[in-house]
1. Once the other residues with Cβ under 15 Å from the Cβ of TYR133 are scored (Lys, Arg +1; Asp, Glu -1), what is the net sum?
2. Give the distance, in whole Å, between the Cα centre of the range 1-34 and the Cα centre of the range 185-211.
3. Could you do me a favour and compute the accessible area per residue for the range 1-159, 1.4 Å probe, result in Å²?
4. Sum -39500 (n - 2.57) across every DSSP H segment of at least 4 residues in the chain, then divide by the residue count to get the 222 nm mean residue ellipticity, nearest 500.
5. Compare SER84, SER173 by solvent-accessible area with a 1.4 Å probe and give them largest first, with all protein chains kept in place.
6. Out of the total accessible area of the range 90-211 (probe 1.4 Å, heavy atoms of protein only), what percent is carbon and sulfur?
7. When the solvent-accessible surface of protein heavy atoms is calculated with a 1.4 angstrom probe, in what order do PHE158, PHE103 fall, highest first?
8. Starting from 0 in steps of 10 Å, tell me what percent of the Cα-Cα pairs of the range 83-127 lands in each bin.
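The values are calculated or read from the model by the stated rules, or taken from the named source; none is laboratory data. These numbers were taken from a predicted model, which means no experiment stands behind them. With ideal geometry, Cβ positions are generated from the backbone for all residues, glycine too; neighbour counts draw on all protein chains shown. For the accessible areas, the whole protein counts, side chains as well, though only heavy atoms, and no ligand, DNA or RNA atoms are used. Shrake-Rupley method; radii C 1.70, N 1.55, O 1.52, S 1.80 Å.
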Amino acid sequence: MSVIIAIDGPAAAGKGTLARRVAAELGFDYLDTGLIYRAVGMKVDRAGFDPADPARAGEAARDLQPEDLQAGDLRGDDAAQAASKVAVIPEVRAALLDFQRRFAACPPGGKGAVLDGRDIGTVVCPVAPIKLYVTASAETRAQRRLLELQGKGVATSFDRVLAEMRERDERDSSRAVAPLKPADDAHILDTSQMDADAAFDAAIAFIRAKL
Ligand code: DC
């Protein structure tokens, strides 16, 4: 049976970079589950509807096609906000659950799967043997996000990025279905004082001890 590694945490905590590196290091397959919610949110938005509309968003989630994950605009902040809106809708979460579980149980390479998201250790794969909850202070995450946006030439400010981050944290943590929270058996990794290399070293040491 292949191994499942669940990596959860709030926006911009560095879990995507970490999950990708862990998967590459171990030869496991990687699934960015946030991208699925982004694809659903943008599908609704591009069709001219409100991502918070349960009927439209539920339909988009049920009809999601692999090519929807290739859309060019999924990494931006509009997609992040749309994703966080569709993610509170129970029919959306139910439709996406099967897809994620199938990937975890039967990753394409057959060796193991690394999934990152908000509810992997609590809902999608509660029996995953290895769970990490990657976090950092809101200020640290906003600062990292600001540098990333400035690197892309986006004009914004620290206060604005921090406010959007807090808004998304609040929506992700307070929703009724599968809210963002660490699983009871998750290992908490606070990266506030770590760079990407230090976070990776700490994560891989924990994972190797468990494998
Ligand atoms: O990780 P991300 O920023 O790409 O996620 C975008 C949004 O999708 C996030 O604000 C909440 C939602 N999401 C979720 O509810 N459950 C997941 N497993 C992954 C993402």
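1. Details: positive: LYS15, ARG118, LYS131, ARG141, LYS181, LYS210; negative: ASP8, ASP116, ASP119, ASP169, ASP172, ASP184, ASP185, ASP190.
Local net charge: -2.
2. The range 1-34 and the range 185-211 have Cα centres separated by 12 Å.
3. Numbers: 6960 Å² over 159 residues.
Using a 1.4 Å probe on heavy atoms only, each residue of the range 1-159 averages 44 Å².
4. On the way: 8 runs with 107 residues, N = 211.
The helix-only estimate for the chain comes to -16000 deg cm²/dmol at 222 nm.
5. Working: SER84 5, SER173 60 Å².
Putting SER84, SER173 in descending order of accessible area: SER173, SER84.
6. Numbers: 3460 of 6270 Å².
Here carbon and sulfur together make up 55 percent of the probe-accessible area.
7. On the way: PHE158 65, PHE103 35 Å².
My answer, sorted largest first, is PHE158, PHE103.
8. Histogram of Cα-Cα distances, whole percents per bin: 25, 54, 19, 2.
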